[in-house]
Amino acid sequence: MREGLRRRRSIGGRRDSDLVADEVVFVLFGEAFDDVGAGRVDGEVVGNVTAVSDQPSTLVVSEQARVEGEISVSHLVVNGEISGPVFVGEFLELQSRSRVKGDVHYNSLEMHLGAVVEGHLMHSSSEAKSVELKLATSKPTV
């Protein structure tokens, strides 16, 4: 099995992204990529990709990428292959070459022509929004 390094790019002293290059295979045990502020996968990841739940996070799975494991992020853009359950707190975009084998939990979904999901699509709202209704009254104007 090939092994590679994960490069980190810092902007202003803060880690903003992780990069997994093509032809790199990671075998991960337990939770992987904790604190994924923004990330892109161009290679193969075997393991769970999980972001800190109260932090915004974006993951891009490119056309060449393959992820085997659970993904849990707030924003996800997929054009590659995922085998495992997907949990997206906010926005999920499945581009035309995406292939997902597993159940997909999302809040907002954009699915392009050609995208394939072999599993259940389950909508879940991140917040319960309540609306207060008031009776309309009409008063004649003088």
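Figures for the structure shown
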item	result
Karplus-derived 3J(HN,Hα), 6.51/-1.76/1.60, for each residue of the stretch 81-94, Hz, glycine and proline x	10, 10, 10, x, x, 10, 10, 10, x, 10, 10, 10, 10, 9
Charge tally in the Cβ shell below 13 Å around GLN95, where Lys, Arg are +1 and Asp, Glu are -1, GLN95 excluded	-2
Amide proton proximity set for ALA65, modelled H, under 5 Å, gap of 5+	GLU81
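Laboratory data are not the source of any read-out in this text; all were calculated from the coordinates shown. Predicted, not measured: the structure shown is a model, and the values here were computed from it. Heads up, the Cβs are rebuilt from the backbone with ideal geometry, glycines too, and the neighbour counts pull from every protein chain shown.
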